[in-house]
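A short write-up of the structure that comes next.
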Amino acid sequence: MKQNFTITTKSCLGFQSIQAAGWQVFPVCERGIDFLGYRFHHDHIILRKSIASQFKQRMKQIKANHHFLTSINILNSVMNYHGWMKYANYYNLWDKYIDNNIFSIVTYTCSQNKIHNPLSNGICKYG
């Protein structure tokens, strides 16, 4: 709903009128508020589309090339996206891409390096 409005200011010579053509009431119900990598709606929070597609790409890369990646690289990638999805409604996306293959890769990587497995305590539950 774009509207033109007029601001009237008082100057030394009289009144001056300034017109702002690009003013609009932001439609939160339709678009949501895009802030800090999330889109906030009234009833749910989602990630930006670019972050979700980067997550999909990275998980596919880890599945295909996990033998060539360092353990810290694998764990950083998985936990980075876990941090993004922790506050969003992304259970289905996480469940689809963090499947048994990724879980076993992370488990194997952690056991080889004697590191605590971050996926072992059921943190994959997003609403």
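Worth pointing out:
- Charge tally in the Cβ shell below 15 Å around His42, where Lys, Arg are +1 and Asp, Glu are -1, His42 excluded: -1
- Cross-link reach list, aspartates and glutamates versus Lys49, counting only Cα pairs under 18 Å and skipping chain neighbours closer than eight places: Glu30, Asp34, Asp95
- Of Val25, Val78, the sequence from fewest to most neighbouring Cβ atoms within 10 angstrom is Val25, Val78.
- By the count of other C-beta atoms within 10 Å, a proxy for reagent exposure, Thr109, Thr70 are ordered fewest to most as Thr70, Thr109.
- Prolate/oblate/rounded label for the range 67-113 (Cα gyration tensor, a/c 1.5): prolate
- As a rough footprinting exposure proxy, the listed residues Trp23, Trp94, Trp84 were ranked by other beta carbons within 10 Å of their own, and the order from fewest upward is Trp23, Trp84, Trp94.
- Cross-link reach is defined here as a Cα-Cα straight distance under 13 Å, omitting same-chain residues fewer than 8 places apart; for Lys60 the aspartates and glutamates meeting it are Asp99.
- The value for the range 21-81 of Rg(Cα) / (2.2 N^0.38 Å) is 1.62.
- For peptides 110-118, 52-60, sequence by mean Cβ density within 10 Å, most packed first: 52-60, 110-118
Values in this text are rule-based calculations from the coordinates and carry no lab data. It should be emphasised that the depicted structure is a prediction, and the values quoted were computed from it without experimental measurement. Here the Cβ is made from the backbone with ideal geometry for all residues, glycine too, and neighbour counts use every protein chain on show.
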